[in-house]
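Here is the structure we will look at, set down as structure tokens.
Just so it is clear, none of the values below were taken in a lab; they were calculated from the coordinates. Everything numeric in this text was worked out from a predicted model, so none of it was measured. Here the Cβ positions follow ideal geometry from the backbone for every residue, glycine too, while neighbour counts run over all protein chains shown.
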Amino acid sequence: MPHRNAPLTATGRLRLARCVVVDGWPLRRAAERFQVSPTTAWRWATRYRALGPGGMDDRSSRPHRSPRRTPTRIERRIIKVRLTRRWGPARIAGLLDLSASTVHRVLTRFGLARLSHTDRATGAVIRRYERNRPGELVHVDIKKLGNIPDGGGHKTLGRQAGRKNRANAGYSYIHTAVDDHSRLAYSEILEDEKKETATAFWQRAHTYFTSAGITVERVLTDNGACYRSHDWRDALAAAGIAHKRTRPYRPQTNGKVERLNRTLLDEWAYARPYRSEQERRQAFTTWLHTYNHHRGHTALAGKPPASRVPNLTGQYT
């Protein structure tokens, strides 16, 4: 493909070459006519004589030989370490006494996926998926979070004073449900993760999704005790909702809610130093509204979850 500023396309080169070879124009005259150097005019005329019209196309700039390319035996060692240990370029470079950029180029050349795109345990490429409609699958999970004592924690008071003030502050449990298709989230901060608490949370979450026009068909959870209880099973069965659990030690299966847990930690729980747990909880409602209605989501082309749920109440506020 010609450079965007190239004075000659393949058609222009052919015309120039024919002026010189067929019509007998001097090189300098042809170069002035087509606004190129005489050297360029000579190059295309020579190629036309040798190859005809087919020689006017661009050739690959790749060299025939690469004497400074990483030796094949080194490339094999890099690939072997990557596949057996699942290390990144920096660690492989340290082991093999190479530069990280060299290791990265080799891994890219052989099409090996980034570590963030692979399963750490098996090395298999993680297959991303998304359900076709809201409610087809809802991810549910619980995040345990240490409470902030009155007066603030170590971010406010310093590490030593914050550690003393932290005693007996207790924990909060953030129960969250995320729709797979729209990423619409419903979340509450509760005092425990017992089966009664989790079941009551789901009933409120189900009511929320229903009010948004979403019919929940299936729920995906981990293998926590509350999700294996009869209370949880009966609550889903009464609403005609199928329950699916992840395989043990495979949290990535429930990755959408796991990712939301990380997002809320970064953008809410630890976003600024709070003076008390109550202050942090008051900020949670505002953050959750922003997440659902205004915060752009990379998986949704920069749009918020509300963009995929037309019936969501108050989505334009």
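Using only the Cα atoms, what convex hull volume per residue in Å³ does the range 72-117 have? Could the numbers behind the result be given before it?
Working: hull volume 2.9 nm³, N = 46.
Hull volume normalised by residue count: 64 Å³.
Could you give the size of the charge dipole of the range 72-117 about its Cα centre, using +1 on the Cβ of each K and R and -1 on the Cβ of each D and E, expressed in debye and rounded to the nearest 20? Could you put the intermediate results ahead of the total?
On the way: 11 positive and 2 negative charges, 32 e Å.
So the magnitude is around 160 debye.
Under a point spin-label approximation (7 Å from Cα along Cα-to-Cβ), what is the Thr207-Ser61 distance to one decimal in nm?
In this crude spin-label approximation the distance works out to 6.5 nm.
Determine, for the chain, the count of lysine pairs separated by eight or more sequence positions (or lying on different chains) whose alpha-carbon distance falls under 30 Å.
24
List residues of the range 183-216, by number, whose backbone nitrogen lies under 20 Å from a label position 7 Å along Cα→C-beta of Glu136.
The answer is 183-186, 209-210, 212-216, whose backbone nitrogens lie closer than 20 Å to the label point.
If you average the sequence gap of Cα pairs under 8 Å that are 6 or more apart and divide by the length of the chain, what percent do you get for the contact order?
13 percent
Run the numbers on the range 10-55 and let me know its relative contact order in percent, using alpha-carbon pairs under 8 Å that are six or more apart. Mind dumping the intermediate values first?
Working: 41 pairs, mean separation 18.0, N = 46.
Taking the mean separation of contacting Cα pairs over the length of the range 10-55, I get 39 percent.
Would you mind ranking Arg114, Arg280 by Cβ crowding within 10 Å, fewest neighbours first? List each step's numbers first, then the result.
Details: Arg114 10, Arg280 23.
So the ranking, lowest neighbour count to highest, is Arg114, Arg280.
Dipole magnitude of the range 138-308 about its Cα centre, charges +1 at Lys/Arg Cβ and -1 at Asp/Glu Cβ only, in debye to the nearest 20?
The calculated dipole for the range 138-308 is roughly 600 debye.
As a test of the formula, what do you get for the chain when each DSSP H run with n ≥ 4 contributes -39,500 (n - 2.57) and the sum is divided by the residue count, at 222 nm and rounded to the nearest 500 deg cm²/dmol? Write out the running numbers ahead of the final one.
Numbers: 12 runs with 130 residues, N = 317.
Calculated mean residue ellipticity at 222 nm is -12500 deg cm²/dmol.
Placing +1 at every Lys and Arg Cβ and -1 at every Asp and Glu Cβ, with all other atoms neutral, what dipole size does the chain have around its Cα centre, in debye to the nearest 20?
On the way: 59 positive and 27 negative charges, 485 e Å.
Computed about the Cα centre, the dipole is about 2340 debye.
In which sequence would His206, His64, His243 go, from the one with the fewest C-beta neighbours within 10 Å to the one with the most? List each step's numbers first, then the result.
Details: His206 20, His64 5, His243 16.
Fewest-to-most Cβ neighbours within 10 Å comes out as His64, His243, His206.
If we count every other residue with Cβ under 9 angstrom of Gly88's Cβ, Lys/Arg +1 and Asp/Glu -1, where does the sum land?
Working: positive: Arg82, Arg86, Arg91, Arg114; negative: none.
Cβ neighbours under 9 Å give a net charge of +4.
Full-extension gain between Thr84 and Ala239, please, as 0.36 nm times their residue separation minus the C-alpha to C-alpha distance.
51.1 nm
Please give, to one decimal in nm, the separation of the simple spin-label points placed at Gln252 and Arg43, each 7 Å out from Cα toward the Cβ.
Taking the simple label geometry, Gln252 and Arg43 are separated by 4.7 nm.
Please work out how much length the chain gains when fully extended from Arg275 to Ala299, using 0.36 nm per residue of separation minus the C-alpha to C-alpha distance, in nm with one decimal. Could the numbers behind the result be given before it?
Details: separation 24, 0.36 × 24 = 8.64 nm, distance 3.42 nm.
Full extension of this stretch gives 5.2 nm more.
So how do Ser101, Ser187 line up by other beta-carbon neighbours within 10 Å, fewest first?
On the way: Ser101 10, Ser187 25.
Sorted ascending by nearby Cβ count, the order is Ser101, Ser187.
When the chain is modelled as a GNM with alpha-carbon springs shorter than 10 Å, which of Thr40, Thr215, Thr108 fluctuates the most?
Thr40
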